[in-house]
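Visitor: What follows is a single structure, and I will ask about it in a moment.
The values are calculated or read from the model by the stated rules, or taken from the named source; none is laboratory data. Small disclaimer: the values here were computed from a predicted structure and weren't measured. Here Cβ is always computed from backbone atoms with ideal geometry, including for glycine, and neighbour counts include all displayed protein chains. To get the accessible areas, we keep the full protein, side chains included, count just its heavy atoms, and leave off ligands, DNA and RNA. Shrake-Rupley method; radii C 1.70, N 1.55, O 1.52, S 1.80 Å.
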Amino acid sequence: PVPVAVDGRELHTALHTDAGTNAIISLEIEGGDTLTTMARVIERHPFRSEYRHIDFVKVDLTQTVQTEVAIQFEGEPVGVREGGVFSPAKTHVLIEVLPTAIPGHIELDISEVELGGSLRVADLPAIDGVTYIDDPDAVIMSITTPAAEIVEEPEEGEEGEEVEGAEGEEGETEEAPDEAADEGSEEGADG
């Protein structure tokens, strides 16, 4: 490990290209050495737009690396048009590829997915030089049936307030002697 300090603006520019965090970065180390690296562990400040710490990993441009790439969903699924809900399970996929051939994202056409259907890692498009490392059976997205809405039915007797009022008046006259008895027993217990 070699501790380095880098210019924040230059780092921000390097990490915000089409390659994103998979950008190849040349670090000039004091003493004249230049290292070809990729940013790996990126720790951002919790509320400011700055980096607190980054681990740069030295890479050989002729050797494959493992990295995560974003999945970009394309199209509107048939199942969504039929009333289903689009449920993404993964937004990134782990791949193995040469550092110079890392795609910015992987497009996945989801327009033919029906209600109750799903796509898995095995359904991702084949890309020259890219090997998918994630489990081929891992679900990427699915179209699910929406949860049933709970419809509250009106309680019996709510149609006319007269019915409730009449019951309430009767209930009050019946409850009054019970309340008096309860109060008397409470006073007796306290005294």
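Visitor: I need the full set of residues from segment 1-36 which are within 15 Å of residue 102 (Cβ to Cβ) and in contact with a strand residue (DSSP E or B) (Cβ under 8 Å, 6 or more places away or on another chain), in order please.
Guide: 14, 15, 20, 21, 22, 23, 24, 25, 36
Visitor: Here's another thing I want to ask about it. Within segment 44-67, is even one residue touching a Leu at 6+ places or on another chain (Cβ under 8 Å) and under 30 Å from residue 113 (Cβ atoms)?
Guide: Yes, that holds for at least one residue.
Visitor: Would a scan of segment 19-42 turn up a residue that is in a loop (DSSP other than H, G, I, E, B) and within 22 Å of the chain's Cα centre (by Cα)?
Guide: For segment 19-42, residues in a loop (DSSP other than H, G, I, E, B) and within 22 Å of the chain's Cα centre (by Cα): present.
Visitor: Within segment 54-106, which residues are open to solvent by less than 30 Å² (accessible area, probe 1.4 Å), in contact (Cβ under 8 Å) with a residue 40 or more places away in the chain and of a type in the set (Val, Ile, Thr)?
Guide: Listed by number, the residues that qualify are 54, 59, 67, 69, 71, 93, 102.
Visitor: Within segment 119-145, take every residue that is crowded, with 17+ Cβ neighbours inside 10 Å and without any contact (Cβ under 8 Å) to a residue 40 or more places away in the chain and give me the one that is farthest from residue 71 (Cα to Cα).
Guide: 130
Visitor: Looking only at segment 61-97, count how many residues are among the hydroxyl-bearing types (Ser, Thr, Tyr), out of contact with any helix residue (DSSP H, G or I) (no Cβ under 7 Å at 6 or more places or on another chain) and within 21 Å of residue 135 (Cβ to Cβ).
Guide: The qualifying residues number 3.
Visitor: Something else about it: Consider segment 30-53. How many of its residues are under 24 Å from residue 131 (Cβ atoms) and either without any contact (Cβ under 8 Å) to a residue 12 or more places away in the chain or open to solvent by 100 Å² or more (accessible area, probe 1.4 Å) (or both)?
Guide: Residues that pass the stated criteria total 0.
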